[in-house]
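The values are calculated or read from the model by the stated rules, or taken from the named source; none is laboratory data. Quick caveat, the model's predicted, so the values are computed rather than measured. Neighbour counts are summed over all protein chains in view; Cβ atoms, including those assigned to glycine, are modelled from backbone coordinates with ideal geometry. These accessible areas exclude ligands, DNA and RNA; they are computed on the full protein's heavy atoms, side chains included. Shrake-Rupley method; radii C 1.70, N 1.55, O 1.52, S 1.80 Å.
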Amino acid sequence: MTTDEKHIEAQQEAKLFFSRFLLEWYHLQKRDLPWRRHRNPYYIWISEIMLQQTRVDTVIPYFNRFIEQFPTVEALADAPEEEVLKCWEGLGYYSRARNLQHAAKQVKELYGGQVPDDRDAVFGLKGVGPYTAGAILSIAFNRPEPAVDGNVMRVLSRYFLIEDDIAKGPTRVKMEKLAAELIPEGEAGSFNQALMELGALICTPKSPRCLPCPVMEHCAARLAGCEASLPVKTKAKPPRPEERLAALVEGRGEHAGRVLIRQRPASGLLARMWELPHWPAPPAEAGGARGALLPEAAALDRLRRSMSQAGIHARPEGHWMAAEHTFSHIVWTLQVYRCREEAALPLAAESRAVYGAAQAERADGADGADGADGALGADAGAAHAGRADGALGVDAHAGRENSPLGVDAGAAHAERENSLLAAALGAQPAEDAPLALFDSGDAAADAADSGAQRWINREDMKNYAFPNVFLKLLNSYFDEQGT
């Protein structure tokens with residue numbers, strides 16, 4: 001027998017060993033998860049979308065709540081998008097929810113509400129990539145399709161000592177081919193789940209637990225002593241930081257006890273979700289640390305002007321707290337300022353007139369807009385391994401007293417304040433560009449979509465879907481108020 005023949009025979013033995021002992025371990029040790037208690041393709045589909053880049057423990061309550069509210073494909077397809085987003089609230093990466101509902105409509109219209117048992121049909125659903133398609137087909141229908149995600153690539157890289165960069169497309173193709181060869185006949189669903197389970201519980205990214213591993217005997221990386229250095233993966237570009245000023249506008253008169261929220265545009269980042277109004281911060285002083293407070297006069301004046309241009313009549317009164325929100329490509333550091341309503345907003349609850357007027361006024365003399373938020377990509381490389389939602393900061397400065405800046409009282413007063421701001425920022429007043437309400441990168445869409453404002457109390461929050469950072473900010477505020 002030649003050396004090559006011996007190598008091929010050893011590889012085949014390692015594959016058979018892997019498949020047999022991994023399955024035995026899974027049947028004895030698998031976790032009792034709600035989506036494993038049945039073979040409903042719809043439920044399996046929901047779970048796989050939720051599990052993209054999100055921990056199992058986090059997903060369980062969301063899954064249970066979601067299938068209770070939308071128990072069938074038809075129920076999800078026919079639901080208002082706002083209800084779907086509200087049910088998804090806090091889970092992050094909201095494009096997953098929108099794509100899921102879009103795909104449910106496809107299934108309803110094209111397949112009579114039944115998730116198709118066909119590779120091309122499943123691949124044709126919105127938001128379904130190779131991994132999700134393989135998971136649905138194998139787990140729900142026991143089709144011998146590979147389901148290769150980050151966990152699986154890590155396990156295979158170590159067991160077979162594969163040193164190719166798993167961030168590259170050809171490596172994924174290689175891994176999918178290998179995974180397909182490993183599937184025992186008639187055991188596709190269990191085997192693919194076993195691979196995921198091993199990566200989640202034993203063959204973890206850091207400090208893999210080799211001793212309880214059911215396939216350690218033939219693990220090539222362990223035998224070579226390099227299990228901790230695999231898989232090889234090119235580091236992703238870090239998200240860019242953005243400093244933003246947010247307005248917590250407290251109502252007066254008929255709005256007493258309520259705060260102002262706004263809805264984002266119909267497309268782009270966090271589409272149609274609700275938030276506290278916020279805008280890009282002016283440039284910080286050179287050498288300033290990320291997240292550091294801006295010079296107070298500059299920050300308060302910038303916020304006042306931003307609100308005025310957005311049709312929000314309120315006066316900034318002082319810094320409240322800081323918060324952070326992390327996307328795949330951006331990290332927002334929000335400096336939140338308490339503001340007091342100066343007069344009733346000149347728009348009805350459903351009106352967009354002031355927003356449109358503010359946009360038109362800016363368009364007449366604008367030289368440009370501050371900053372741009374890129375659209376959030378769907379399933380960013382199944383690497384929801386990055387955080388979906390940033391943690392709420394604790395820098396509370398609620399007790400700070402600041403000199404509030406008044407509302408514009410004539411051209412001379414406005415000119416003086418703009419000159420002070422320019423001096424604080426080291427810029428010329430004439431170069432101070434008007435601020436955009438939203439920064440999706442599409443000015444025409446922003447002008448058309450920058451929409452509704454609402455005054456809400458805590459009870460009203462159940463009617464609106466918020467990104468996690470704003471959900472936490474609002475809850476913190478209402479906790480402070482004892483409401």
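Report yes if Arg340 is more than 30 Å from Tyr131 (Cα to Cα), open to solvent by 60 Å² or more (accessible area, probe 1.4 Å) and at pLDDT 50 or above, otherwise no. Yes, satisfied.
For Pro231, state whether it is over 16 Å from Lys30 (Cα atoms) and surrounded by fewer than 21 Cβ atoms within 10 Å (Cβ to Cβ). So Pro231 fails the test.
Among the small types (Gly, Ala, Ser), surrounded by 19 or more Cβ atoms within 10 Å (Cβ to Cβ) and either out of contact with any Ser or Thr (no Cβ under 9 Å at 6 or more places or on another chain) or within 21 Å of Lys15 (Cα to Cα) (or both) - does that describe any residue in segment 150-163? The answer is yes, given that some residue of segment 150-163 is among the small types (Gly, Ala, Ser), surrounded by 19 or more Cβ atoms within 10 Å (Cβ to Cβ) and either out of contact with any Ser or Thr (no Cβ under 9 Å at 6 or more places or on another chain) or within 21 Å of Lys15 (Cα to Cα) (or both). Against the test of being open to solvent by 30 Å² or more (accessible area, probe 1.4 Å) and not hydroxyl-bearing (Ser, Thr, Tyr), the options Glu243, Glu250 yield a single qualifying residue, Glu243.
Scoring Ala228 on the criteria (1) under 24 Å from the mean Cα position of the chain (by Cα); (2) modelled with pLDDT under 95 leaves a single failure, condition (1).
Step by step: first the residues of segment 216-228, then only those that are touching a Cys at 6+ places or on another chain (Cβ under 8 Å) and of a type outside the set (A, V, I, L, M), then the one that is least open to solvent (accessible area, probe 1.4 Å). Which residue is that? Among those residues, the one meeting the criterion is Cys219.
Those residues that are farther than 30 Å from Thr54 by Cα and under 26 Å from the mean Cα position of the chain (by Cα), I need them from segment 311-337; list them, please. Result: Trp320, Tyr337.
For segment 201-215, residues that are among the aliphatic types (A, V, I, L, M) and either in contact with a helix residue (DSSP H, G or I) (Cβ under 6 Å, 6 or more places away or on another chain) or exposed (fewer than 13 other Cβ atoms within 10 Å of the Cβ) (or both) total 2. Of all residues in segment 302-321, those that are open to solvent by less than 10 Å² (accessible area, probe 1.4 Å) and either farther than 25 Å from Leu270 by Cα or assigned to a strand (DSSP E or B) (or both) total 5.
Highlighted here are the helices (runs of 4 or more DSSP H) found entirely within segment 53-143 that include at least 1 residues which are in contact with a Pro (Cβ under 7 Å, 6 or more places away or on another chain) and closer than 21 Å to Met196 by Cα: 56-69, 119-123, 130-135.
Criterion first (basic (Lys, Arg) and open to solvent by less than 60 Å² (accessible area, probe 1.4 Å)) does Arg262 satisfy it? Yes: the conditions hold for Arg262. Return yes or no: is Glu13 closer than 20 Å to Ala179 by Cβ and of a type in the set (Asp, Glu)? It is true that Glu13 is closer than 20 Å to Ala179 by Cβ and of a type in the set (Asp, Glu). Of Glu89, Glu81, all but one fail to be open to solvent by less than 30 Å² (accessible area, probe 1.4 Å), charged (D, E, K, R) and on the phi < 0 side of the Ramachandran plot; the exception is Glu89. Among the residues of segment 7-34, those that are loosely packed, with under 14 Cβ neighbours inside 10 Å and either touching a strand residue (DSSP E or B) at 6+ places or on another chain (Cβ under 9 Å) or hydrophobic (A, V, I, L, M, F, W, C) (or both) comprise Ile8, Ala10, Leu16, Leu28.
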